[in-house]
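Following this message is one structure expressed as structure tokens.
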């Protein structure tokens, strides 16, 4: 029996299989690859899938947030607390998320809005700077609430980025931006694509690995494990 999975088709050249932290499967496949070939690939990876799902089930999952004073949140890779401030109006960030007591029931909503505002302010500015520096062009920028996809680029060079990147160290945000800008020229993950990324960010592989290992912790609804590892 073939395992259930989510199938995402795009203009990629090869198959990619992802075991998500909740043990579900995602397959990224070329647009026209036959379903039988995808199923054959999945069956060949059955032992690997079972092993990775077992790891995911036994891995310690962070505790869900309650959005109460004292909880910590990642901002640009550093931890900052939620605090009560009787003088605050709405949400104020000053090395801490400060809320007046009446706003505490809306803490999650207000903090997410703050992240989104920062993303709308910072990400387009970084994209424009890099586009000018490397002579690249795009048509539009979107800020999304994607949980498992940090960025994307359409065939029309529309760039999308998750606001959760504001939680990551700035260099990680830059890596994701440069990765997607490279797709405006190379709409694939071919050697030419990675060569273009390397030309813009020679140490990109280090940041790519960091994001794969620690990106799951950049989650608004779960308490952090602690300080993020060096990047």
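Here, each number is a calculation from the coordinates, and none is a lab measurement. Remember, it's a predicted structure, so these values are computed and weren't measured experimentally. Glycine gets a Cβ as well: all are built from the backbone with ideal geometry, and neighbour counts include every protein chain shown.
What order do you get for 175, 138 when you list them from fewest to most C-beta neighbours inside 10 Å? Provide the component values of the computation, followed by the final result.
Details: 175 27, 138 18.
Arranged by neighbour count, lowest to highest, 175, 138 become 138, 175.
Return the percentage of antiparallel bridges among DSSP beta bridges fully within the chain, rounded to the nearest 5 %. Don't skip to the end; give the middle numbers.
On the way: 15 of 28 bridges.
Counting only bridges with both partners in the chain, antiparallel ones make up about 55 percent.
In units of 2.2 N^0.38 Å, what is the alpha-carbon radius of gyration of segment 111-166?
Numbers: Rg = 11.4 Å, N = 56, 2.2 N^0.38 = 10.2 Å.
Relative to the rule-of-thumb radius for its length, segment 111-166 sits at 1.12.
Just to confirm the number: angle between the C-alpha axis of helix 170-182 and the first principal axis of the chain, 0 to 90 degrees, nearest 10?
40 degrees
Binned at 5 Å from 0, what are the whole-percent values of the Cα-Cα distance distribution for segment 83-143, short to long?
4, 17, 20, 15, 11, 10, 9, 8, 5, 2
Another question, if that's okay. With an 8 Å Cα cut-off and a minimum separation of 6 or more residues, compute the relative contact order for segment 108-217 in percent. Don't jump to the answer; show the numbers that get you there.
On the way: 123 pairs, mean separation 25.2, N = 110.
Answer for segment 108-217 is 23 percent.
State log₁₀ I(q)/I(0) for segment 108-217 at q = 0.10 Å⁻¹ as given by the Debye formula over alpha-carbon point scatterers of equal weight, solvent excluded.
Debye curve over Cα of segment 108-217, log10 I(q)/I(0) at q = 0.10 Å⁻¹: -0.26.
What is the order of 24, 154, 63, fewest Cβ neighbours within 10 Å to most?
Values: 24 14, 154 17, 63 10.
The most exposed by this proxy come first: 63, 24, 154.
Still on this model: In 5 Å bins starting at zero, report the fraction of Cα pairs in segment 18-154 per bin as a rounded %.
2, 7, 12, 13, 12, 13, 12, 12, 10, 4, 2, 1, 0
Another question, if that's okay. Which of 150, 114 comes first, and how do the rest follow, when ranked by fewest Cβ neighbours within 10 Å?
Working: 150 23, 114 19.
Least to most surrounded, the residues fall as 114, 150.
Compute the long axis of helix 204-214 from its Cα atoms, compare it with the longest principal axis of the Cα atoms of the chain, and write down the angle in degrees, 0 to 90, nearest 10.
The angle comes out at about 70 degrees.
Whole-Å semi-axes of the chain's equivalent ellipsoid, largest first, each the root of 5 times a Cα gyration tensor eigenvalue?
Working: eigenvalues 219, 121, 45 Å².
Equivalent ellipsoid semi-axes, largest first: 33, 25, 15 Å.
More than 12 Å apart: what percent of Cα pairs in segment 6-58 qualify? If you can, show how the numbers build up before the last one.
Values: 873 of 1378 pairs.
Tail of P(r) above 12 Å: 63 percent of Cα pairs.
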